Structure formats: C-alpha cells, structure tokens
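K.L.:
Shown below is the structure under consideration.
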Amino acid sequence: MRSQRRIPSVVQTLTESFVVTAALILVISVSLQTNAAAEGNLRRGGSDFQSRNGDISITSDFPGGRMNQCTQISNDTFAMTIAPESDPINDSAWYAFRVQSQREQTIRILLHYVGGSHRYEPKISRDGETWQSATELISSASNSGQDVELRVPVDSKPLWIAGQELLSTDEISQWSNQLTKLPHVDKKRIGRSVQGRAVEQLTITESEKPDYVFLIARQHPPEVTGAIGMVHFVDALASESEIAQQFRKRFAALVVPTVNPDGVHHGHWRCNANGIDLNRDWSHFTQPETRAVREQLLECRRAGHDRLCLFVDFHSTYDDVFYIPPQNARVFPAGFTRQWFASIQDRFPGYNVAVDDNHNAHRSTSKAWVDRTLGVTAVTYEFGDETDRETIKTVATGAAEEMMRLLLALPQKNTNLTQQPRKPAKPQPLNPEIRLVSGVSDGEEAILR
Ligand SMILES: [Zn+2]
C-alpha cells in the first residue's frame with residue numbers, strides 16, 4: 001500500500017547531453033545567487049517565463065509557487081533553477097510551477113537545485129486541485145540529486161508540476177470553514193504572521209470545562225503529507241462517530257492547522273517570512289507565529305483546573321515515524337505514547353509504527369518545549385513524503401480514534417489526579433511489533449552546513 005520512493009530508485013545514468021546542460025544550469029545558478037529578487041532579504045519563489053517563439057509559458061507566480069529562474073536551452077529544452085528562500089537551509093527542495101504550450105509537444109525541463117537536492121517526486125494537476133503522482137516524468141537524475149531531467153508532455157491546458165499537492169492556506173481555511181458549520185467546532189484568529197496573514201485555531205468540543213489536546217501543523221511549508229495527516233486526524237475528532245461524540249463531551253481539541261502561512265504562500269523550503277525555522281524557535285520565541293501558539297498553550301494551563309493531556313505537531317519526512325522526547329516519568333499522562341503507539345500497531349498489523357525517542361532532543365522544537373516546560377506528553381507526528389495518501393487517511397484516522405479511546409480511559413480530573421510528580425509508572429515493555437529507530441538523519445534533523 002505504501003509507495004515509498006527515494007531518490008536512488010529514480011537515479012539513472014546521465015546522458016552526455018544532460019551533463020552539458022547541467023553545466024549550463026550551474027552557470028545560471030551562480031548568477032542567480034546575486035540576482036535573486038528579494039522578499040525582504042529572502043529569495044522569492046515566483047517568476048514568469050515565456051519561450052522565444054512565445055509558444056511555451058511557465059510560471060510560478062501563484063501561492064506556493066517556486067521556480068527561481070527559467071532559461072531556454074533549445075526549442076524544446078528549458079533549464080530551471082530551484083533555490084530556497086535563504087542559505088543554508090534544511091534540504092527540503094520544494095518546487096512548484098505551471099506549464100502551458102500553444103501546441104501539443106513534449107518538452108525537457110532540467111531542474112537544478114541550489115543549496116539542496118531532489119527530495120519530492122513530481123506530482124501533477126490539470127486544475128490545481130486534483131493531483132496525481134508523476135514520478136514517470138523523471139528521465140534522469142545526477143548522483144548528487146542536484147540535477148533532475150523531466151520529460152513533460154504539454155498542451156494548451158495548464159499543467160501544474162509540484163513537489164507535493166499544492167495545499168494552500170486558503171484551501172486549509174476552506175476545509176476549516178466547512179468544519180465550523182458543525183455545532184461543536186469554532187474558529188478564531190490567535191495571531192498574525194510576520195506579513196500579517198491570520199494564524200487560525202479551531203476549537204472542537206462539546207464540554208464546558210474540557211481537558212485539552214493541542215494539535216499544530218505546517219511549521220514547515222513543503223511538509224504537505226503532515227498537513228494531510230492532520231486534516232484526517234482532525235476530521236476524525238470532529239466526526240459523528242460514537243467515540244468522537246464521547247471524546248468531545250470531556251475533551252477539547254485545539255488545532256492550529258497552518259502555523260507558517262507566509263512560508264506556505266511563498267513556497268518556502270523551510271522558514272517563515274523572516275527566514276527563521278519556526279520549529280527551532282521554541283526557546284526564545286522570536287517570531288509572532290510561535291508566540292501566538294505558545295500563548296494558546298499557556299492559556300490551556302492558566303485556568304488551573306483544566307488539563308492539557310497531549311500535544312501533537314504534524315510534519316513530513318522520508319518515512320512515517322513518531323518522534324518523542326526521551327521517556328520522562330514526570331510527563332503527563334504517564335506512559336501514554338507507548339500505549340498509543342502499541343494500540344495503533346495492533347489496529348494496523350501490516351503497517352510499521354516507527355518510533356524514535358531521541359530525536360532532536362536538544363533542539364528548540366515545539367515537542368521539546370512542551371515536554372520540558374509544560375510537562376505534557378508531546379509528539380512530532382511525521383508522515384512520509386511519498387506515503388500513499390489513502391494510507392495516510394487510514395492511519396491518521398485510526399491514530400485519532402486510538403488517541404480518543406485511550407484518553408477517555410484516563411481518570412476524570414475530579415478524581416483528584418494531578419499533574420504533579422508522582423511515583424513513576426513501571427516502564428512497560430514496548431510492543432515488539434513497533435520498530436524503534438534512532439539516530440535517524442532526515443528532513444527534520446539535517447542542516448547541511
Ligand atoms: Zn518538519
């Protein structure tokens with residue numbers, strides 16, 4: 001069911017002509033370093049291109065677009081430079097552009113990545129809304145992954161090509177607006193981004209004095225599969241299922257679906273409009289987006305009698321994996337993650353529930369801050385870049401239902417259970433089916449330079 005495709009599987013032998021054109025692109029990319037149009041101090045991702053005879057147009061001038069430069073090499077060959085908003089940066093080389101041709105033909109697009117390498121397999125759309133995987137467009141790739149050749153059939157109908165589905169802030173807002181038609185879902189603005197875009201939060205509950213779970217997504221703009229997972233997870237919490245109705249009578253889910261709306265809008269690889277990686281800003285809170293979310297998290301605690309039980313931050317990396325802080329007996333509720341992951345594994349025996357309990361432990365991530373500062377169970381929930389979208393839906397929905405079931409089994413707060421340090425729970429053996437990984441170097445971890 002899963003469709004994991006990493007770059008080595010698509011790397012093919014370089015053709016001689018490709019080497020020549022790759023060299024040309026390198027020259028172009030060097031000039032890009034000095035000519036990049038700036039968004040503040042950041043490199044913009046939107047640009048327009050027209051072929052010499054005017055029959056082919058390529059643009060990335062739309063929300064989420066990223067194509068930094070395009071140059072015509074021959075009648076049917078175009079060299080395209082893809083560069084991040086700033087350097088150095090995590091290697092999450094996002095690209096998104098739209099091609100149109102006055103006549104039916106197949107063109108060659110030579111992608112050259114500056115400051116990164118090919119990570120996302122191409123997805124295509126004819127309407128900008130429905131997408132399909134299009135790995136077959138890749139005809140060759142360099143061993144470094146910095147150069148990739150696409151052979152693209154084009155015609156008069158627009159063709160979007162992007163690293164993942166374009167899941168814009170507007171689309172996420174439309175989804176959340178639909179949810180607010182339900183009587184138990186509200187939405188409010190909790191702050192504004194650097195460039196003034198709304199940072200929104202959903203509240204899903206039917207309780208007057210709920211316990212809380214807090215969910216966030218899209219700190220990192222290209223991590224679309226994490227956002228897709230979040231959507232299905234939240235849909236399960238808002239649904240009319242028996243378990244969701246019980247859950248909402250006792251709990252509230254607070255959800256910030258897009259923490260980094262500026263980065264999503266500008267097609268950034270990683271950062272917000274100030275060039276800051278928001279998931280490394282959870283110590284000093286220098287950015288308005290992280291401050292807005294922190295304020296809401298603290299608000300959950302201020303009422304005193306209310307309990308924050310779980311924090312989940314949705315991301316994407318090469319494979320599906322849960323990142324959790326090193327096991328901490330002080331964290332509330334004790335042993336929750338192990339029970340949760342074991343129950344997800346039991347529910348999907350053919351699926352690998354992978355857990356890394358020492359990931360980014362010392363970085364200024366949301367998970368580490370919630371764990372250390374609030375003493376609450378915190379999880380980074382990563383979906384694989386190329387995980388089959390139906391699998392994401394199935395697993396995210398199941399994970400949400402297992403979370404609700406386990407949280408409902410917690411003692412009610414009027415039983416005087418506190419979040420103060422208690423006798424540590426006896427460590428439970430990990431379900432042998434769960435794959436424990438450690439020292440994973442991936443999109444979340446690696447800063448190249
Ligand atoms: Zn991430």
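The values are calculated or read from the model by the stated rules, or taken from the named source; none is laboratory data. Treat the numbers as computed from the prediction; the structure is a model and nothing was measured. Every residue, glycine as well, gets a Cβ built from its backbone with ideal geometry; the counts of neighbours run over all protein chains shown.
K.L.:
Only one of these conditions is not met by Thr380: (1) within 19 Å of Phe314 (Cβ to Cβ); (2) at pLDDT below 95. Which number is it?
P.N.:
(2)
K.L.:
On to the next question. Identify, please: which residue in the stretch 331-387 is β-branched (Val, Ile, Thr), under 14 Å from Trp282 (Cβ atoms) and over 20 Å from the mean Cα position of the chain (by Cα) and is, among those, surrounded by the most Cβ atoms within 10 Å (Cβ to Cβ)? Lay out the reasoning, then the answer.
P.N.:
The first filter runs over the stretch 331-387 and keeps only residues β-branched (Val, Ile, Thr), leaving 331, 337, 344, 353, 355, 365, 370, 373, 376-377, 379-380, 387.
Those still in the list that are under 14 Å from Trp282 (Cβ atoms) too: 365, 370, 373, 376, 380.
Next, from what is left, pick out any that are over 20 Å from the mean Cα position of the chain (by Cα): 373, 376.
Details: Thr373: 15, Val376: 23.
Ranking the candidates gives Val376 first.
K.L.:
Go through (1) outside the structural domain of Thr59 (by TED's automatic domain parsing); (2) hydrophobic (A, V, I, L, M, F, W, C); (3) within 16 Å of Trp94 (Cα to Cα) one by one and return the number of the condition Val185 breaks.
P.N.:
All conditions pass for Val185, except number (3).
K.L.:
Can I ask one more? Applying the selection to the stretch 234-253, what residues are buried (at least 18 other Cβ atoms within 10 Å of the Cβ) and either of a type in the set (A, V, I, L, M, F, W, C) or modelled with pLDDT under 95 (or both)?
P.N.:
Scanning the stretch 234-253 gives Val234, Ala236, Leu237, Ala238, Ala244, Phe247, Phe251, Ala252, Ala253.
K.L.:
Now, a different point. Which condition breaks for Val99 when tested against (1) under 20 Å from the mean Cα position of the chain (by Cα); (2) surrounded by 18 or more Cβ atoms within 10 Å (Cβ to Cβ)?
P.N.:
Among (1) under 20 Å from the mean Cα position of the chain (by Cα); (2) surrounded by 18 or more Cβ atoms within 10 Å (Cβ to Cβ), Val99 violates only (1).
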